[in-house]
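Below you'll find the structure, written out as structure tokens, and then a few comments.
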Amino acid sequence: QVQLVESGGGLVQAGGSLRLSCSASGRTFSSYAMGWFRPAPGKERELVAAISWSGGNTYYADSVKGRFTISRDNAKNTVYLQMNSLKPEDTAVYYCAASEGGVSSLVYGYDYWGQGTQVTVSS
């Protein structure tokens, strides 16, 4: 089992920045690929960014490329999402997820989920 706890959400003006953190406890964090998701129209959740267990491979949704950066610190059992140039359409609850099977863009590719952290971007 892996327990995931997100933090770092909040209210920010458009153009501002936030850094989300997801702390993991339980089984070996470094063996999991990690992802950040948010709800999307017509979908339960969409993948915003993902990172492989080593940090060597990353994936970004087109809507956040060039603005968001995912990273991880396996020594601290933490994955981060640096969000810059935020837009009102980035407003959402952001969920951290862990995958035993490697990086996936699909919700069902992830085995463990956090409770989410709210990000609100005002115009």
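The values are calculated or read from the model by the stated rules, or taken from the named source; none is laboratory data. Treat the numbers as computed from the prediction; the structure is a model and nothing was measured. Cβ coordinates were reconstructed from backbone atoms using ideal geometry, including for glycine residues, and neighbour counts include every protein chain displayed. To get the accessible areas, we keep the full protein, side chains included, count just its heavy atoms, and leave off ligands, DNA and RNA. Shrake-Rupley method; radii C 1.70, N 1.55, O 1.52, S 1.80 Å.
Of the two radii for the chain, the radius of gyration is 0.94 times the Kirkwood radius, both from the alpha carbons; that is the Rg over Rh value.
Ignoring ligands, DNA and RNA, what percent of the accessible area of region 29-79 is carbon or sulfur (1.4 Å)? With neighbouring chains kept in place, the figure for region 29-79 is 46 percent.
Shown here for region 22-123: GluC sites (Glu not before Pro) in loop regions (DSSP other than H, G, I, E, B) with at most 15 other Cβ atoms within 10 Å, namely Glu100. Amide H contacts for Ala40 (H built 1.01 Å from N in the peptide plane; partners 5 or more residues away or on another chain; cut-off under 5 Å): Arg45, Glu46.
Taking Lys and Arg as +1 and Asp and Glu as -1, the other residues whose beta-carbon sits under 14 Å from that of Ala14 total 0. Val93 sits among other residues whose Cβ lies under 15 Å from its own Cβ, and their net charge, with Lys and Arg +1 and Asp and Glu -1, is -2.
Dipole of the chain computed with +1 at Lys/Arg Cβ and -1 at Asp/Glu Cβ about the Cα centre; of Asn77, Leu18, Trp113, farthest Cα towards the positive end is Leu18. Accessible area per residue for region 1-64 is 51 Å², calculated with a 1.4 Å probe on protein heavy atoms, without ligands, DNA or RNA.
Normalised by the number of residues in region 1-61, the average gap of Cα pairs under 8 Å and 6 or more apart makes the relative contact order 24 percent. A simple packing score, the average count of other Cβ atoms within 10 Å per residue, orders the peptides 4-14, 29-39 as 29-39, 4-14, with the highest score first.
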